[in-house]
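What follows is a single structure, written as structure tokens, with notes after it.
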Amino acid sequence: VTTTTRALTVTEAASRRRSIWAYAPDLVPRADIEAILAVTALAPSAFNLQPWRFVIVQDARLKQALAEAAHGQRQILGAPAVIVLYTDMRDALANADAIVHPSLPEDRRAGALRSIERFFAGKGDDEREDWGAQQGYIALGYLLLAAAEHGYQTSPMLGFDADRVKAALDLPSHVPVAALVSIGRGVEDGRPHHRLPLERLARFV
Ligand SMILES: Cc1cc2nc3c(=O)[nH]c(=O)nc-3n(C[C@H](O)[C@H](O)[C@H](O)COP(=O)(O)O)c2cc1C
């Protein structure tokens, strides 16, 4: 496992990042998690709504509850911290005023808020929350790269029972949980990347 003091380029972070299931027990300092989340929070989102929210779980009993909710996946109890990434559109829309760019003059500010209102007017709660969850995965990508840049290893997970995760952390029942991410100093190298060739993914027209 490689750690570094020089900031990695995006290419380096993406190349070195791998899913890691085994970690050293050392706690992740809060300042490091805050630095990683500060980069994560730079992720773009439609309307700039930023519906992502994070719970950083370090408490042993709560980690145990998360592990049980996630079919006993060993990277949860094995990691010093788990970041729970969820999205909350009810909160985001109730506070949309906070996300309109401060440089907008008053009339355009009101216009921006009206566009958001119009866009979501015909959508029910579930559809809004599904839309928010999609934004959440943009943040997940940033989070994984930011952790790599800071010399941490991670493992993103979707294999969990969201209702049990929400119950353990007192999260509101309407929120989608985008991912659990174990984070710490890895003690294994992970699998080398195995990716489809570009010609299978992209078409230039
Ligand atoms: C959204 C998401 C959910 C995932 N869920 C799980 C999971 O529940 N358990 C697991 O062991 N790996 C999980 N993975 C890890 C993937 O299997 C892994 O990222 C993929 O095989 C590529 O390997 P790499 O991360 O080492 O590059 C998940 C990855 C992502 C992005």
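The values are calculated or read from the model by the stated rules, or taken from the named source; none is laboratory data. Quick caveat: nothing in here was measured; it's all calculated off a predicted structure. Positions of Cβ are generated from backbone atoms using ideal geometry, with glycine treated the same way; all protein chains shown enter the neighbour counts. Ligands, DNA and RNA are excluded from the accessible area calculation, which covers all protein heavy atoms including side chains. Shrake-Rupley method; radii C 1.70, N 1.55, O 1.52, S 1.80 Å.
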Please enumerate the residues belonging to the range 109-118 that are touching a residue at least 60 places away in the same chain (Cβ under 8 Å) and surrounded by fewer than 15 Cβ atoms within 10 Å (Cβ to Cβ). Ser115
Can you spot a residue in the range 98-108 that is in contact (Cβ under 8 Å) with a residue 24 or more places away in the chain, open to solvent by 40 Å² or more (accessible area, probe 1.4 Å) and within 16 Å of the ligand (Cβ to nearest atom)? no
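If you scan the range 13-25, which residues turn out to be over 18 Å from Pro156 (Cβ atoms) and open to solvent by less than 60 Å² (accessible area, probe 1.4 Å)?
Correct list: Ala24 only.
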Looking for something open to solvent by less than 20 Å² (accessible area, probe 1.4 Å), more than 16 Å from the ligand (Cβ to nearest atom) and either within 30 Å of Pro25 (Cα to Cα) or in a strand (DSSP E or B) (or both) - is there at least one such residue anywhere in the range 151-165? yes
Which members of the range 69-91 meet the condition of being farther than 19 Å from Pro25 by Cα, away from the ligand (no atom under 12 Å from the Cβ), of a type outside the set (Lys, Arg) and not in a strand (DSSP E or B)? Asp88, Met89, Asp91
Selected residue [hydrophobic (A, V, I, L, M, F, W, C), open to solvent by less than 70 Å² (accessible area, probe 1.4 Å), over 21 Å from Glu188 (Cβ atoms) and in contact (Cβ under 8 Å) with a residue 12 or more places away in the chain] from Val10, Val28, Val84: Val84
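If the requirement is being surrounded by fewer than 18 Cβ atoms within 10 Å (Cβ to Cβ), under 23 Å from Val177 (Cβ atoms), of a type outside the set (Asp, Glu) and touching a residue at least 60 places away in the same chain (Cβ under 8 Å), which of these qualifies: Ala46, Ala60? Explain how you work it out, then say what you get.
Working: Ala60 fails: touching a residue at least 60 places away in the same chain (Cβ under 8 Å).
Within the list Ala46, Ala60, the selection yields Ala46.
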Taking interchain pairs and intrachain pairs at least six residues apart, which have beta carbon atoms under 6 angstrom, with the first residue in the range 142-167 and touching a residue at least 40 places away in the same chain (Cβ under 8 Å) and the second in a helix (DSSP H, G or I) and open to solvent by 30 Å² or more (accessible area, probe 1.4 Å)? Ala146/Val39; Ala148/Arg16; His150/Asp32
Among (1) touching a strand residue (DSSP E or B) at 6+ places or on another chain (Cβ under 8 Å); (2) free of Cβ contacts under 8 Å to residues at least 60 places away in the same chain; (3) within 16 Å of the ligand (Cβ to nearest atom), the one test that Glu129 misses: (3)
Restrict the check to the range 22-37 and report whether at least one residue is more than 16 Å from the ligand (Cβ to nearest atom), modelled with pLDDT of 95 or more and within 30 Å of Ser115 (Cα to Cα). yes
For Met89, which of the numbered conditions (1) open to solvent by 20 Å² or more (accessible area, probe 1.4 Å); (2) out of contact with any strand residue (DSSP E or B) (no Cβ under 8 Å at 6 or more places or on another chain) fails to hold? (1)
Are any residues in the range 131-150 farther than 19 Å from Gly184 by Cα, under 11 Å from the mean Cα position of the chain (by Cα) and among the aromatic types (Phe, Trp, Tyr), and if so, which ones? Tyr137
Are any residues in the range 179-191 open to solvent by less than 30 Å² (accessible area, probe 1.4 Å) and either out of contact with any Pro (no Cβ under 9 Å at 6 or more places or on another chain) or more than 12 Å from the ligand (Cβ to nearest atom) (or both), and if so, which ones? Ile183, Gly184, Gly186, Gly190
